[in-house]
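Working notes, beginning with the structure itself.
The values are calculated or read from the model by the stated rules, or taken from the named source; none is laboratory data. Keep in mind it's a predicted model, so treat the numbers as computed, not measured. FYI the Cβ positions are ideal-geometry reconstructions off the backbone, even for glycines, and counts take in every protein chain you see. Protein only, heavy atoms only, side chains kept; ligands, DNA and RNA dropped before computing areas. Shrake-Rupley method; radii C 1.70, N 1.55, O 1.52, S 1.80 Å.
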Amino acid sequence: SIAILKDIMKCNAPFGLVLDIKSRHVPKRIWGIVIDALREAGARVEGIGTFSMEDIRDISAYCSSPVKEICFFHTAGDLQMACHEGKIKRGDSVYFNAGSLLWEKPDYSDFESMKKMFINSCFSEFSTNEVKRGYKLMPYARVLYGPKNQFGDTSSGGSDSSCEYDSHTDDSSAYSALRSFTDETDDIGICSTIQDYKEYYDLSIGLYCQEFAIDDAAIDLIVNHANENPHIYDLGLSWGGINGVTVRGIQPGRFTNTDGLWTQRYCGESWDLTKFPPVDEY
């Protein structure tokens, strides 16, 4: 089958694969056999990923040669929680849904705020352009400084990118980069960031999104943020659709979010701004 794919794609280079594990009932020994079989067939297995890191931890012991272990998370908050629960080790490779950088989970236990949200959703005037214009990165996505050099010094850099939507056109060129995050940033003072955990755990971080549920404004903001901060998101943005192309016509609705997070927003954890990497662990 790999030979057939190479013929269709007119490509002689080895196929690079990342295996996305869905089952939690397959022993590591079996996955080791699968990985070796794919390699013998001519595939280049770049890694094996799962939402349950314990399913693949130290799986290289069952393979003829090492394979990268990758842990997937629904949200950045899930990654933060896994760090504090001891599920993440230094040097791990992780991915989380980039849509979580744009969305703040409401407090479902606060009756008044839920009531206000319901009234606004059902009875207020709705504007697609206003929703897209309101996309902002959460405070914990802020990059405070650039990468460290060999002497441990940091360079100024990083990005506080957001985007503003021009309601007079739907062309993607109408989005311009601005240096602004959500307005909460000024109110909360010092808070933990993804950069804190990235550096403390020496993580390799990548982003993904639900391609069928993201509009052009949201992906523009995410792509710009990732591209401007490669020292944070060194694994880049994983895009499962046609390269550089969003599904035409995807727009936010009164009851529909198109920030790429989709239903993962309901099972993922929120980022705790008051928690920092456990500096006393090491």
| query | When only residues in the stretch 95-111 that are in contact with a helix residue (DSSP H, G or I) (Cβ under 8 Å, 6 or more places away or on another chain) and among the hydroxyl-bearing types (Ser, Thr, Tyr) count, which is surrounded by the fewest Cβ atoms within 10 Å (Cβ to Cβ)? | reply | Tyr108
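Go through the stretch 190-213 and give me each residue that's over 15 Å from the mean Cα position of the chain (by Cα) and touching a residue at least 24 places away in the same chain (Cβ under 8 Å).
Correct list: Cys191, Ser192, Asp196, Glu199, Tyr200, Tyr201, Asp202, Phe212.
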| request: Output the number of the condition that Arg39 fails; it satisfies all remaining conditions of (1) part of a helix (DSSP H, G or I); (2) in contact with a Ser or Thr (Cβ under 6 Å, 6 or more places away or on another chain); (3) open to solvent by 50 Å² or more (accessible area, probe 1.4 Å); (4) not hydrophobic (A, V, I, L, M, F, W, C). | output: (2)
| task | Go through the stretch 7-35 and give me each residue that's under 29 Å from the mean Cα position of the chain (by Cα) and of a type outside the set (A, V, I, L, M). | result | Pro14, Phe15, Gly16, Asp20, Lys22, Ser23, Arg24, His25, Pro27, Lys28, Trp31, Gly32
| Within the stretch 2-17, is there a residue that is in contact with a Gly (Cβ under 9 Å, 6 or more places away or on another chain), surrounded by fewer than 16 Cβ atoms within 10 Å (Cβ to Cβ) and aliphatic (A, V, I, L, M)? | yes
| task | Go through (1) open to solvent by less than 50 Å² (accessible area, probe 1.4 Å); (2) at pLDDT below 95; (3) farther than 16 Å from Leu101 by Cβ one by one and return the number of the condition Ile214 breaks. | result | (3)
| Looking at the stretch 191-211, which of its residues are open to solvent by less than 10 Å² (accessible area, probe 1.4 Å), over 17 Å from Gly91 (Cβ atoms) and not in a strand (DSSP E or B)? | Ser192, Thr193, Cys209
| task | Six or more apart or on different chains, Cβ under 9 Å: which pairs go from a residue in the stretch 228-241 that's over 15 Å from Leu203 (Cα atoms) to one that's at pLDDT below 90 and of a type in the set (S, T, N, Q)? Could you list them? | result | Glu228/Ser159; Glu228/Ser161
| query | With respect to Arg44, is the statement that it is in a strand (DSSP E or B) and either touching a strand residue (DSSP E or B) at 6+ places or on another chain (Cβ under 7 Å) or surrounded by fewer than 11 Cβ atoms within 10 Å (Cβ to Cβ) (or both) true? | reply | yes
| said: Can you report the number of residues in the stretch 200-242 which are β-branched (Val, Ile, Thr) and in contact with a Phe, Trp or Tyr (Cβ under 7 Å, 6 or more places away or on another chain)? | reply: 1
| Hey, among Ile70, Ile33, Ile119, Ile48, which residue is of a type in the set (Val, Ile, Thr) and touching a helix residue (DSSP H, G or I) at 6+ places or on another chain (Cβ under 7 Å)? | Ile48
| remark: Of Asp58, Asp92, the only residue that is on the phi < 0 side of the Ramachandran plot and either acidic (Asp, Glu) or crowded, with 16+ Cβ neighbours inside 10 Å (or both) is Asp92
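Residue by residue through the stretch 95-113, note down the ones that are out of contact with any Ser or Thr (no Cβ under 7 Å at 6 or more places or on another chain) and touching a residue at least 12 places away in the same chain (Cβ under 8 Å). Step through it out loud before you land on a result.
Start the filter on the stretch 95-113 by keeping residues that are out of contact with any Ser or Thr (no Cβ under 7 Å at 6 or more places or on another chain), which leaves 98-99, 101-104, 108-113.
Passing the criteria: Ala98, Gly99, Leu101, Leu102, Trp103, Glu104.
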| message | Tally up the residues in the stretch 7-36 that are modelled with pLDDT of 90 or more and in a helix (DSSP H, G or I), please. | response | 9
| said: For the stretch 1-46: of the residues being acidic (Asp, Glu) and without any contact (Cβ under 8 Å) to a residue 24 or more places away in the chain, which is nearest to Arg57 (Cα to Cα)? | reply: Glu40
